[in-house]
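**Q** Let me begin by handing over the structure; questions about it come next.
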Amino acid sequence: MPTLSLKTDRRTQLVEVTAQVQKVVASSGVATGICYLYVPHTTAAITINECADPDVAEDIEGALDRLIPATGPYRHSEGNSDSHVKAVLVGASQIIHVEDGKLVLGRWQGVFFCEFDGPRERKLQVKIVNEAGLNRTVAIDTDIR
C-alpha cells in the first residue's frame with residue numbers, strides 16, 4: 001500500500017496533501033474507483049476542506065486550539081490529551097471517489113493532513129481500489145421520514 005511520509009513544523013498544523021494523493025492515484029492506473037486515506041496515528045487526522053485560501057486552514061487550526069486547549073484538566077499525563085481529542089473529532093480516514101484517474105473533489109476542496117502533536121514525522125496511507133474490485137451497489141432514492 002502506498003504511504004506518504006510527511007514532516008510537520010508546528011504542534012497544530014493542517015498540511016495540504018492533495019497533489020501528493022493525486023500523484024498516487026495517477027500512478028495507480030485506476031481510472032474509476034475509490035481512494036481510501038488513513039492516518040495510523042492517534043494524535044493526527046485527515047480532512048477535506050477549502051484549499052483556495054490558506055487562511056481557512058489557519059482558521060481551523062486556531063479554532064481547534066481554542067475549542068480544545070492544550071492544558072486540561074486532562075487525566076492523560078503525557079501532555080498531549082488535547083491532540084487525542086482533536087484527532088477523534090476530525091477523524092482518521094477519508095474516502096474520495098476517483099473518476100478519469102482523478103480525485104473527485106469540489107471546486108474549492110483539498111485534502112489536509114491534520115497534525116495535532118507536532119512537529120513530527122508522520123505517515124498517510126493511500127489505497128486505491130478499481131471499480132471492478134468493488135461490490136456493485138445501486139443508489140435508490142428514498143423518502144425517509
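The values are calculated or read from the model by the stated rules, or taken from the named source; none is laboratory data. No experiment lies behind these values; they were computed from the predicted model shown. Here the Cβ positions follow ideal geometry from the backbone for every residue, glycine too, while neighbour counts run over all protein chains shown. Just so you know, the surface numbers come from the protein's heavy atoms only, side chains and all, with ligands and any DNA or RNA stripped out. Shrake-Rupley method; radii C 1.70, N 1.55, O 1.52, S 1.80 Å.
**Q** Identify, from the list V98, V104, the residue that is open to solvent by less than 70 Å² (accessible area, probe 1.4 Å) and either within 27 Å of T43 (Cα to Cα) or modelled with pLDDT of 95 or more (or both). So that I can check it myself, show each step before the final result.
**A** Details: V104 fails: open to solvent by less than 70 Å² (accessible area, probe 1.4 Å).
Testing whether each residue is open to solvent by less than 70 Å² (accessible area, probe 1.4 Å) and either within 27 Å of T43 (Cα to Cα) or modelled with pLDDT of 95 or more (or both) leaves just V98.
**Q** Moving on to the next point. Go through segment 10-20 and count every residue that is open to solvent by 60 Å² or more (accessible area, probe 1.4 Å), of a type in the set (A, V, I, L, M) and assigned to a loop (DSSP other than H, G, I, E, B). Walk me through how you get there before you give the answer.
**A** Kept after step one, since they are open to solvent by 60 Å² or more (accessible area, probe 1.4 Å), are these residues of segment 10-20: 10-11, 16, 19-20.
From what's left, of a type in the set (A, V, I, L, M): 19.
Keeping just the survivors that are assigned to a loop (DSSP other than H, G, I, E, B) gives none.
The total comes to 0.
**Q** Name every residue in segment 107-145 that is over 19 Å from A19 (Cα atoms), open to solvent by 90 Å² or more (accessible area, probe 1.4 Å) and at pLDDT 95 or above, in order of residue number.
**A** R120
**Q** Let me ask something else. Select from segment 84-108 the residues that are touching a residue at least 60 places away in the same chain (Cβ under 8 Å) and within 18 Å of the chain's Cα centre (by Cα) and list them in ascending order.
**A** K86, I95, I96, H97, V98, K102, L103, L105 - these are the residues of segment 84-108 that are touching a residue at least 60 places away in the same chain (Cβ under 8 Å) and within 18 Å of the chain's Cα centre (by Cα).
**Q** Checking D65 against (1) surrounded by 14 or more Cβ atoms within 10 Å (Cβ to Cβ); (2) under 17 Å from the mean Cα position of the chain (by Cα), only one condition comes out false. Which one?
**A** (2)
**Q** Does K23 satisfy the condition of being open to solvent by 40 Å² or more (accessible area, probe 1.4 Å) and in a helix (DSSP H, G or I)? Lay out the reasoning, then the answer.
**A** Numbers: open to solvent by 40 Å² or more (accessible area, probe 1.4 Å): yes; in a helix (DSSP H, G or I): yes.
So K23 passes the test.
**Q** Still on this structure: Got at least one residue in segment 35-51 being more than 13 Å from the chain's Cα centre (by Cα) and either aliphatic (A, V, I, L, M) or outside any loop (DSSP other than H, G, I, E, B) (or both)?
**A** No, segment 35-51 has no match at all.
**Q** Could you list, in sequence order, all residues of segment 68-95 that are open to solvent by less than 70 Å² (accessible area, probe 1.4 Å) and touching a His at 6+ places or on another chain (Cβ under 9 Å)?
**A** Those that are open to solvent by less than 70 Å² (accessible area, probe 1.4 Å) and touching a His at 6+ places or on another chain (Cβ under 9 Å): H84, A87, A92.
**Q** Same structure, new question: Looking only at segment 37-54, which residues are β-branched (V, I, T) and open to solvent by 60 Å² or more (accessible area, probe 1.4 Å)?
**A** Start the filter on segment 37-54 by keeping residues that are β-branched (V, I, T), which leaves 39, 42-43, 46-48.
Of everything in segment 37-54, just one residue is β-branched (V, I, T) and open to solvent by 60 Å² or more (accessible area, probe 1.4 Å), namely T42.
**Q** Would you check which residues across segment 3-35 are of a type in the set (D, E, K, R) and either without any contact (Cβ under 8 Å) to a residue 60 or more places away in the chain or touching a His at 6+ places or on another chain (Cβ under 9 Å) (or both) and list them? Can you show your working first?
**A** Taking segment 3-35 and keeping what is of a type in the set (D, E, K, R), we get 7, 9-11, 16, 23.
Hit for segment 3-35 is K23, nothing else.
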